[in-house]
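Comments concern the structure below.
The values are calculated or read from the model by the stated rules, or taken from the named source; none is laboratory data. Small disclaimer: the values here were computed from a predicted structure and weren't measured. Positions of Cβ are backbone-derived with ideal geometry, glycine not excepted, and every protein chain shown enters the neighbour counts. Note: accessible area is taken over every heavy atom of the protein model, side chains too, but ligands, DNA and RNA are not part of it. Shrake-Rupley method; radii C 1.70, N 1.55, O 1.52, S 1.80 Å.
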Amino acid sequence: EYMGLFPNATMADTKADAKQKVPETVLKKRKQKKEARSKRVASEQLAKKKLQDKRRVIFKRAEKYVKEYRAAKKTMNNLTRQAKKEGNFYVPAESKLAFVVRIRGINGVHPKPRKVMQLLRLRQINNGVFVHLNKATIQMLRIAEPYITWGYPNLKSVRELIYKRGYGKVNHCRIPLTDNAIIERVLGKKGIICMEDLVHEIVSVGPSFKQASNFLWPFKLNTPNGGWRRKYNHYNDGGDCGLRDTMINPLLRKMV
């Protein structure tokens, strides 16, 4: 008789029973999945925001460097113009940066030049490295002069080398510089987080030049278009070896 009075009671009971039939482990798994999904979404949004912020920082730094390069060039042009006007010559400061290329092989190399080239990481023909010029390194370059050619690279040459032929040393492995994250992972502590930071550190021979230069794997360049003139003669005598000042830049255009 109660069934007739409360016909909906049985339906409610059956629904409650159906709810109770879902195992507790399934409910726990659902809850865990939901929490994991929400955490993943939150972490993705945070990573996206960090990436956007980093891109802004990189863009601002690149802008700052461009202004710095332009200002330096403008200052040099003004000084040159002023000196010419007064009938003098403007002599720019000696470069602190050199790019050294090995042009000869291993046959008949004296132990001293061999050791110098080993220290400079020039183990193969057409290998190139950036070197900070001081009394010690200039003396080393003089010892190895018959086997190398070197000069003072400009901003364009440095940028082309790093962007086109740049490889980094990560855990003793040669890794192509395809992402700023590779640079940041190794040199982030030194404030170098992107390609433009790396270029600026090399060009300006900054406080972290040693770490930046060591991070760059020795450049593997091509033989220059048209070949060498004469490897065994000095550049001043119509050959190829030795110091070639700023004329290293046209050579690098042919080798990159």
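Assorted remarks:
- When residue 58 is tested against the conditions (1) modelled with pLDDT under 85; (2) part of a helix (DSSP H, G or I); (3) open to solvent by less than 100 Å² (accessible area, probe 1.4 Å), the lone failure is (1).
- Residues of the stretch 142-155 that are over 14 Å from residue 255 (Cβ atoms) and either buried (at least 19 other Cβ atoms within 10 Å of the Cβ) or not hydrophobic (A, V, I, L, M, F, W, C) (or both): 142, 144, 145, 146, 147, 152, 154.
- Across the stretch 172-214, the qualifying residues are those that are small (Gly, Ala, Ser), in contact (Cβ under 8 Å) with a residue 12 or more places away in the chain and under 18 Å from residue 57 (Cβ atoms), and the one among them that is surrounded by the most Cβ atoms within 10 Å (Cβ to Cβ) is 208.
- Flag if residue 124 is open to solvent by 70 Å² or more (accessible area, probe 1.4 Å) and in contact (Cβ under 8 Å) with a residue 60 or more places away in the chain: yes
- Test: residue in the stretch 80-91 that is surrounded by fewer than 11 Cβ atoms within 10 Å (Cβ to Cβ) and within 23 Å of residue 247 (Cβ to Cβ): yes
- Selection over the stretch 215-253 of residues that are surrounded by fewer than 17 Cβ atoms within 10 Å (Cβ to Cβ), assigned to a loop (DSSP other than H, G, I, E, B) and not charged (D, E, K, R) gives a count of 9.
- If the condition is being touching a strand residue (DSSP E or B) at 6+ places or on another chain (Cβ under 9 Å), part of a helix (DSSP H, G or I) and among the polar types (S, T, N, Q), then the stretch 123-172 contributes 137, 157.
- Subset of the stretch 94-115 (residues that are open to solvent by less than 50 Å² (accessible area, probe 1.4 Å) and among the aliphatic types (A, V, I, L, M)): 97, 98, 100, 101, 103, 109
- Cross-chain or 6+ apart pairs with Cβ under 9 Å, the stretch 130-151 first and free of Cβ contacts under 8 Å to residues at least 60 places away in the same chain and farther than 17 Å from residue 231 by Cβ, then of a type in the set (Ser, Thr, Tyr) and buried (at least 17 other Cβ atoms within 10 Å of the Cβ): 133/152
- Of the set (1) within 11 Å of the chain's Cα centre (by Cα); (2) under 22 Å from residue 254 (Cβ atoms); (3) basic (Lys, Arg), all apply to residue 169 but (2).
- Among the conditions (1) over 18 Å from residue 218 (Cα atoms); (2) surrounded by fewer than 13 Cβ atoms within 10 Å (Cβ to Cβ), residue 76 misses just one, which is (2).
- Per-region count, the stretch 215-247, residues of a type in the set (Lys, Arg) and under 15 Å from residue 150 (Cβ atoms): 2
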